[in-house]
Amino acid sequence: MTTVHVPTTLASAIALLDDGAQPVSGGVGLSLRRRENALPGSLVATHRLPQSRGITVIDGGLRIGAGEPLEAVAAHPDVRALWPVVAEAAASVATGRIRRAATLGGNVAAFDPSHDPPVALVAVGATARLVSARGERTVPVRELTEQVSGELIVDFHLPAPELGTGSAYEKFLVRGVWEYACVSAAAVVTPAGGTLVVGSVRNAPLVVPVTDDDLAAESASRTAEPWSDVRGSVAYKRRMIAEFSRRALRTARERAAA
Amino acid sequence: MATPDVTAPDLTEPDLGLAVEPSIIGTSVQRVDGIDKITGRAQFVGDVRLPRMLYGAVVRSPHAHAIVKSVDTSRARRVPGVHAVITSADHAHRKWGAFRPDLYPLAVDRVRYVGDEVAAVAATDPESALRAAELITVEYEPLPAVLDLDAAMADGAQLVHDDAEGNVAHHFTLERGNVDEWLARSDVVVEGTWQTTRQWHSSIETIGCVADWSPGGRVTLWCNTQTPFLARQRYATALGVPESQVRVIQTEVGGGFGGKSGDDNTSVIAALLSKVAGRPVQLLLSREEEFLASRPRIPLRFTVKLGFTRDGLVTAKDIAVVADNGAYTGKSQAVLGAATVRHDAIYKYKAVRADSRLVYTNLVPTGAFRGFGNPSADWAVGQAWDLAAGELGIDVVDLLLRNAVEPGWVSPHNHRIGSCELKQCIEKAAELIGWREKRANPTPNRGLAIGASVHVSGRRSFGDYDGSSAIVRLTEDGRATVIAGEGEIGTGARTTLCQIAAATLGLSISDVSMSTADTELTTHALGALASRVTYVAGNAVREAALAARNQLLDGVSTLTGVPAAELDVVDGVLVAPAADPDLRMPVGAAVRKLIYRPGGTPIVGVGAFDNPSEFPDESRFGNESGAYNFVAEAAEVEVDPATGAVRVVELAAVADCGTVLNPALAQGQVEGAVAQGIGMALTEWFDGPSATPDRANYVDYKLPTAGLMPKLHVAFADSYEPTGPFGAKGVGEIALDPIPAIVASAVADAVGVRIHELPITPEKVFWALQEDE
Amino acid sequence: MGQQVRFLLNGEETEVTVADAGRPLLEVLRGPLGLTGTKSGCATGYCGACTVLVDGAAVPSCLLMVGLADGREVRTVEGLADGRRLDPVQEAFLSESGFQCGFCTPGHLMAVRALLDQGRPTDAQVDATVDGNFCRCTGYVKIRDAVRTAADLDEGGVRGNA
């Protein structure tokens, strides 16, 4: 039996979390796994917290409230202009219906290696701001591998892209219909180099520094640890990681040049 | 994204011998159940609420094969709200099944696949029922399991059923003509082996039942079944009670496709729970259960040998088929029969031979699915025809045209072809997709293919009868009610049958309604299977409407003195243009006058029709249907060589279903069948041994979505079936049949690799391309 | 025992006491509130049959905890027609035969309603909306026709911004 609290101030939310409640934003992931994992007895909803809403440009970068639905992230003109890789990753999740319910914070906080947005956030070097009764901390999304009890992800900060940056996200839907990725790749390229991040692999998303695009794609293909499932064997996924890494890098280069 | 281009059908104006309102036949009238379906009012089985109704949950085997040593239900019984817990001790130990009874309502001593039903619970709410079901402890002793065809057929293989030696559930052979001789005389012989996989119907509404077993001993079942009367027969057997004690009422059915034709235990378990609880019980499968408990398309392994003369005339065909039955038989025995013989009514074979074997495995039991074996047969034989065209150096369109059956043709199995516009279908499909132009100007990584298929309009399967009967009652306000047990599973059959009645009676469609199917109140009917309702039930409704019309005209003749032959009904009004130009009597007024008088008589017409077909013998010889429907479909696909991904770019489907009674409904059957064919070819599969559901939900099993639909041309042949109602034949299944084969052949045309095992995954195409290099 | 949840349901203030506020809104609609027009097809958000409007957005009600609907506006298929006057979306599905069995239809209707509330949709928006809802009967052809017709019929839509 679960109680859902819907506080309107961050302070009351934090007090509830400190009391042992757990945060819920869209609740999509928790509801999906409700049969296997019983819901927590007390949940704190975040959709009415002003601090977890809004998408704004700050110092040339972006602040995205963790409670923003993925659909809003995908459609936001500033996100699309500054970090298309993030907009594309958000837009690639499931369907519009689920993207309107699921939030960016909830998607990241699920720590599911099949999820798309975290791959893009790691690629751009985003940080997450977490608050709790003990205070506030800022952590690179790349290093965020679990949520500490009592903590709430409030928002994400995406750095300003340096001049000549291009980015792109590629998700391979092996059947042409929306589902989890067979393989996914986020590319950020800069005049000095860049970053390739591969998702849907074991452990955390795989980060590969880019000097040469083809070498980076090959390196990702060799070192990534995809799993075999209905979407493909490990051998096939490795080949597809190379292919979609190249595609993401190619699009990112084109955008950088534009 | 491509815009679907639906071509308007060509309609003939046959001489109907009746004053038919032409605006009804051949018109896309609004569906008679439309308002209910677009307002949320339509009552599906999950929407049925009865006083004191309980909710059921089922305990299923986690083992592919095991002995059930004990079932402890004590903890479940203590859960608050639980009113019934049942096990094999609560049923009559009668095995049941459409053709080979091999299934108990709940497992007795042994479970045979992951998902086999072991016990069940009914409680005041679904959550309590689920919780109680989880508290039932079953002690199993695992047995070796046979998880694919080869394992099941191996020497000394573990038996799935002790009475099925070698795990063979059914075996038959046939030879018509001298196949060896014809093959020896052939200039070109192609051969190959092709394999299909399980495909789930995946109606968006799962299987369910509300059962209410009265203390008087009768049980009423509200079912989303396609076949209320056949379901009643089988469920009565399973429950060990006379048929007269079981009443089946059809609710709205949220999609059928063969999956709701009553071969699974859901309704039986609901009935047993209700009997024990003494209260109504609703049992509705979850999506996960649907993947385990329904009866998906049966995987077939087809080895084909096909002979031709140099100029492209087919000589003989030799096939060997083994079928993965799964753990129980259901209708798969009949599916295998259809897969073996029906496609021999597409082309003019001189001799055919077959050896067909149905093999038990410890996998999800299989059964009827739209096409009934035809899509799997076409997957193999259709691809063999495509290969042959290549070997012969003849364009495949020309090869098919050269060999297609025609009216008057008799197949080796005695399929007597009546109306048949297969050649017209082939020509139109080629034309609609731009075959000649595309062949002349090929696009890299794109490929073309064409295929054809045949289907029955009803089939004699359940004894020597494939008929239907109907009652048409004219009401005192001048309307008509069609009373028939055929039901409605979403296709619009109710609307089509009302159109037939309206056209026959001279009424407007809005003045005709139809009963729901109810084994207690309506006429007997075999229901929605074998593409039979339009043709068989349509004829019965037409006969009943004619009888009602004759009663009306005879009655009015006695009232007015105008000879019945001079009377007609136009737009709901009786007229006699020649005999009495002033006569204008609304039908309602006439019906009232005929009733409200001494010895008054209501107008109730009864009609019956039996398919003019033969009950095939054990070797499947016999003209199984009175009318055959045909299709030709052409596809253009694009392959991404870097990934192996296949996209169907454009597709033309041309069907010969006789007169198109309702273009929108007929198009809808074709469009939906094409989508299911694309799913079978490209998107629908599970990981794991022989496609056993692992994560049994839509997470892993993917239906085609709107974005996957190609640019689609749908058209109908100019055709008329003399034995059909207003010239119509069936159209419900046919358009699915050729799709997987033509997608595979188009892939072969595009990039030179041929896939022999469904589904056509990007990975298979990718590795085949790597080998090719 | 239980939590009170209040929301505006098809225009009416509604209050329901639930023992478990984590239960899906779908179950509460179909159960205690008796609105069985919204269907359950998979209970995992994939099929779209359970789509309802929450604050105007089409979402799968099988994945929305009822507690999260507190204070919001919920609209179901039962609230689509205005008395006896059908919504243009319903009219269009009827005239274009945009359904067969009708089980997935309420989900489609609600998603299309939400789409048209944003103004006249582009073809890409139509396709994206239809793509989120499985239909096993129609092959989507007539559903897409229905959406285009609905856009034409819809008087409330903002026109010409495609």
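Rule-based calculations on the coordinates, nothing more; no lab input. The shown structure was predicted, so the numbers you read here are calculated from the model rather than taken from an experiment. Ideal geometry is used to build each Cβ from the backbone, glycine not excepted, and the neighbour counts take in all protein chains shown.
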Qualifying trypsin sites (Lys or Arg not before Pro) in the stretch A:83-147, DSSP loop, other Cβ atoms within 10 Å at most 16 | A:Arg134
If amide H atoms are modeled at 1.01 Å from N in the peptide plane, then the residues at a separation of 5 or more from B:Leu54, or on another chain, having amide H under 5 Å from its own are B:Val281, B:Gln282
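Just how large is the dipole of the protein assembly as shown about the Cα centre, in debye to the nearest 20, putting +1 at every Lys and Arg Cβ and -1 at every Asp and Glu Cβ? List each step's numbers first, then the result.
Numbers: 110 positive and 143 negative charges, 377 e Å.
Here the size comes out at about 1820 debye.
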Given unit charges at Cβ for Lys, Arg (+) and Asp, Glu (-), the dipole magnitude of chain A about its Cα centre in debye, nearest 20, is 600 debye
Which lysines have a Cα less than 16 Å from the Cα of B:Lys317, not counting those fewer than 8 places away in the same chain?
-> B:Lys305, B:Lys348, B:Lys350
Selection from A:Ala133, A:Ala224, A:Gly166, by position along the positive dipole direction of chain A (Cβ) = A:Ala224
Can you give the average number of partner chain beta-carbon atoms within 10 Å of each beta-carbon in peptide A:89-102, as a whole number?
-> 6
Which of the helices in chain A meet the span-like rule: DSSP H, Cα axial reach of 27 Å or more, Kyte-Doolittle mean at least -1.0?
-> A:234-257
Go through B:Lys711/C:Lys142; B:Lys438/B:Lys711; B:Lys69/B:Lys275 and tell me which ones have a Cα-Cα distance over 21 Å in this structure.
-> B:Lys69/B:Lys275
Roughly speaking, what is the centre-to-centre gap between the stretch C:57-117 and the stretch B:708-773 when only Cα atoms are used, to the nearest Å?
-> 34 Å
Determine the equivalent ellipsoid of the protein assembly as shown by diagonalising the alpha-carbon gyration tensor, then write out the semi-axes as square roots of 5 times the eigenvalues, largest first, rounded to whole Å.
-> 48, 37, 32
Between the stretch A:146-190 and the stretch B:347-423, what is the C-alpha centre distance in whole Å?
-> 49 Å
Residue exposure sequence - B:Thr522, C:Thr149, B:Thr496 - by fewest surrounding Cβ within 10 Å | C:Thr149, B:Thr522, B:Thr496
Spatially proximal lysines relative to B:Lys764 (Cα-Cα < 16 Å; intrachain offsets below 8 disregarded) = A:Lys237
Stretch in chain B that is longest and holds no chymotrypsin sites (Phe, Trp or Tyr not before Pro) that DSSP places in a loop and that have at most 14 other beta carbons within 10 Å | B:1-464
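Kindly provide the trypsin sites (Lys or Arg not before Pro) of the stretch A:151-258 that DSSP labels as loop, not H, G, I, E or B, and whose Cβ sees at most 11 other Cβ atoms within 10 Å.
On the way: sites: A:Lys171, A:Arg175, A:Arg202, A:Arg222, A:Arg231, A:Lys237, A:Arg238, A:Arg239, A:Arg246, A:Arg247, A:Arg250, A:Arg253, A:Arg255; in loops: A:Arg175, A:Arg202, A:Arg231.
Passing both the DSSP loop test and the Cβ count: A:Arg202.
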Not counting the cut sites, what is the longest span of chain B without trypsin sites (Lys or Arg not before Pro) that DSSP labels loop and that have at most 12 other Cβ atoms within 10 Å?
-> B:311-773
Among the aspartates and glutamates, which fall within straight-line cross-link reach of B:Lys331, defined as a Cα-Cα distance under 15 Å, with same-chain neighbours fewer than 8 residues apart omitted?
-> B:Asp102, B:Asp263, B:Asp264
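Summing -39500 (n - 2.57) over the DSSP H runs of n ≥ 4 in the protein assembly as shown and dividing by its residue number, what mean residue ellipticity at 222 nm do you reach, to the nearest 500 deg cm²/dmol?
Numbers: 34 runs with 338 residues, N = 1193.
Counting only the DSSP helices, I get -8500 deg cm²/dmol.
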Could you check which residue among A:Ser42, A:Ser245, A:Ser31 shows the biggest mean-square fluctuation in a GNM of chain A with a 10 Å Cα cutoff?
-> A:Ser31
With a cut-off of at most 12 other beta carbons within 10 Å, and DSSP calling the residue loop, which trypsin sites (Lys or Arg not before Pro) in the stretch C:1-94 qualify? Please list them.
-> C:Arg84
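Mind checking the dipole of chain C: about its Cα centre, +1 per Lys or Arg Cβ, -1 per Asp or Glu Cβ, Debye to the nearest 20?
Working: 15 positive and 21 negative charges, 70 e Å.
Charge dipole of chain C: 340 debye, to the nearest 20.
Ignore the peptide's own chain and count Cβ atoms of other chains within 10 Å of each Cβ in A:172-184; give me the average, rounded.
Working: counts 3, 4, 8, 15, 13, 13, 6, 8, 2, 0, 4, 1, 0.
Per residue, the number of nearby Cβ atoms from other chains is 6 on average.
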Take the Cα atoms of the stretch B:187-287, find their three principal axes, and give me the spread along each one in whole Å, biggest first.
-> 71, 28, 21
